[in-house]
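> Handing you this structure, nothing more for now.
The values are calculated or read from the model by the stated rules, or taken from the named source; none is laboratory data. All values derive from a computational prediction rather than experimental measurement. Here the Cβ positions follow ideal geometry from the backbone for every residue, glycine too, while neighbour counts run over all protein chains shown.
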Amino acid sequence: MRYVSEFREYKLVEGITQRIARIARKLAREIRLMEVCGTHAMAILRYGIKELIPPNIKLLSGPGCPVCVTPDEYIDKACAYAREGFLIATFGDMIKVPGSKGSLLEEKSRGRKIKVVYSAMDALKLAKSSPEEKVIFLGIGFETTAPTVAASISVAKEEGIANFMVLCGHKLIPPAMKALLEDGEAKIDGFLCPGHVSTIIGSKAYEFLARDYGVPCVVTGFEPLDILQGINLLISQIYQGRAEVENEYTRAVSSEGNPAARALLKRVFRVSDSQWRGMGTIKDSGLKIAESYSSYDVQTRYPMEVKSSRKKKGCRCGEVLRGLIEPPECALFKNPCSPSNPLGPCMVSIEGACNVYYRFGCKGV
Ligand code: SF4
């Protein structure tokens, strides 16, 4: 049994930061490492990891917050269904995210039926106990959340709960990492791969990035020592001219991931192109509901077209999500954009980079 304190041990932190400093000195150039996980973004700022490493090691936040990468069109569609009288069941973060024509919270204030739930199964229970309602669960999130939504759809079919549907907006992380490398603008030297997502897809899922793009990848956990060791392994690979996938988080992540969860995803969903905020449409980066479960897909049963137009003036979430700027570089950061007055999704979610920088700050902020 290992305890959390073991991963915050001062002596170990000191040893590893010294090792990072030694390698960073030898590298003598800026090294840009990106995390693609909201929980990593939070841990890095919360534990002051940026202050512990040399200035030539730059930590970038990527598109790792599910709420943040969900585009306006999705929110506009959810609002449109709410206006048509559907009952929208959603995770709490989503209701504050401004779409191009307002948020679900605004719809709720106008009397639309919007309920916050803690899981897709809660939404299913809601549908079961309210047979007079047409319940839509907002299915957003990456490979970590998607299996729970797949399970709810599967149970709905088994139990014949016909008034339960999903607005499917799930996304897959490795294709987004590939798109960032192909775009090249963020100049990424290495990836800290997401711990939670990797429990499902396994460390093997990143091998193509190391092999085809020559970019080192390290799967890490969320304790300070996990992250520092992830940085240490990445810059060691860069210094030695290697590009491999290493797994620092073996206590939770295997090479194959979770076969049962992956099988469930394969049964209920199909891979499809998907639109990401700030990154456009990325090939094979999303999930849609399989034809055999189409009666649980609200977009098949009740197709809805929306026109999303208004651009949010000055909001630079798209650049934040691509690792091109840090949140404080947005002129709206802190004033007027704050968690109590979010002007973009990255300030709404507690895992959004702007929200994280607002709460924990960092060097230079
Ligand atoms: S600070 Fe606010 S307006 Fe600026 S990028 Fe972040 S969420 Fe958008």
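> Conditions first: (1) at pLDDT 95 or above; (2) surrounded by fewer than 21 Cβ atoms within 10 Å (Cβ to Cβ). Gly92 passes all but one, so which condition is the exception?
(1)
> Sticking with this one: Answer yes or no: is there a residue in region 73-81 that is crowded, with 21+ Cβ neighbours inside 10 Å and of a type in the set (Val, Ile, Thr).
Checked against the condition, which is being crowded, with 21+ Cβ neighbours inside 10 Å and of a type in the set (Val, Ile, Thr), region 73-81 yields at least one hit.
> How about region 331-348: which of its residues are over 19 Å from Val67 (Cα atoms) and near the ligand (Cβ under 8 Å from one of its atoms)?
Quick first cut of region 331-348, residues over 19 Å from Val67 (Cα atoms) only: 331-332, 334-336.
Listed by number, the residues that qualify are Ala331, Leu332, Lys334.
> Residues Met304, Met279: which one is over 16 Å from Gly62 (Cβ atoms) and in contact (Cβ under 8 Å) with a residue 12 or more places away in the chain?
Details: Met279 fails: over 16 Å from Gly62 (Cβ atoms).
Exactly one of Met304, Met279 is over 16 Å from Gly62 (Cβ atoms) and in contact (Cβ under 8 Å) with a residue 12 or more places away in the chain, namely Met304.
> Something else now. Asp297 is checked against (1) under 24 Å from Leu124 (Cα atoms); (2) under 18 Å from the mean Cα position of the chain (by Cα); (3) crowded, with 17+ Cβ neighbours inside 10 Å and fails just one. What number does that condition carry?
(2)
> Would you kindly identify the helices (runs of 4 or more DSSP H) lying entirely within region 172-248 that contain at least 1 residues that are surrounded by fewer than 18 Cβ atoms within 10 Å (Cβ to Cβ)? Even if it seems obvious, please write down each step before you answer.
Working: elements: 173-183, 195-201, 207-213, 224-240.
So the answer is 173-183, 207-213, 224-240.
> Taking only pairs six or more apart or across chains, which ones have beta-carbon atoms under 8 Å, a first residue in region 312-326 that is free of Cβ contacts under 8 Å to residues at least 12 places away in the same chain, and a second residue that is within 8 Å of the ligand (Cβ to nearest atom)?
Short answer, once both residue conditions are applied: Ile325/Arg316; Ile325/Glu319.
> Condition first: of a type in the set (Gly, Ala, Ser) and closer than 17 Å to Val69 by Cα. Can you find one or more residues in region 239-247 that meet it?
Filtering region 239-247 for residues of a type in the set (Gly, Ala, Ser) gives 241, 243.
Next, from what is left, pick out any that are closer than 17 Å to Val69 by Cα: none.
No, region 239-247 contains no residue that is of a type in the set (Gly, Ala, Ser) and closer than 17 Å to Val69 by Cα.
> Which members of region 281-317 meet the condition of being at pLDDT 95 or above and of a type in the set (Gly, Ala, Ser)?
Within region 281-317, Ser285, Gly286, Ala290, Ser292, Ser294, Ser295 meet the criteria.
> Okay, moving on. Among the listed residues Gly314, Gly323, identify the single one that is on the phi > 0 side of the Ramachandran plot and more than 8 Å from the ligand (Cβ to nearest atom).
Working: Gly314 fails: more than 8 Å from the ligand (Cβ to nearest atom).
Of Gly314, Gly323, the one residue that is on the phi > 0 side of the Ramachandran plot and more than 8 Å from the ligand (Cβ to nearest atom) is Gly323.
> From the residues in region 275-292 that are on the phi < 0 side of the Ramachandran plot and within 14 Å of the chain's Cα centre (by Cα), which one is surrounded by the fewest Cβ atoms within 10 Å (Cβ to Cβ)? Spell out how you get there, then give the answer.
Pass one, region 275-292, residues on the phi < 0 side of the Ramachandran plot: 275-277, 279, 281-283, 285-292.
This time we only want the ones that are within 14 Å of the chain's Cα centre (by Cα), so: 275-277, 279, 285-286.
Values: Gln275: 18, Trp276: 22, Arg277: 24, Met279: 20, Ser285: 25, Gly286: 23.
Among them, the one singled out is Gln275.
> I would also like to ask the following. Of the residues in region 42-76, how many are of a type in the set (Val, Ile, Thr), touching a Lys or Arg at 6+ places or on another chain (Cβ under 7 Å) and farther than 25 Å from Lys307 by Cβ? Lay out the reasoning, then the answer.
Taking region 42-76 first, the residues of a type in the set (Val, Ile, Thr) are 44, 49, 53, 57, 67, 69-70, 75.
Imposing the further condition that a residue be touching a Lys or Arg at 6+ places or on another chain (Cβ under 7 Å) reduces the set to 44, 69-70.
Of the ones still in play, those that are also farther than 25 Å from Lys307 by Cβ are 44.
Going through region 42-76 one residue at a time, the tally reaches 1.
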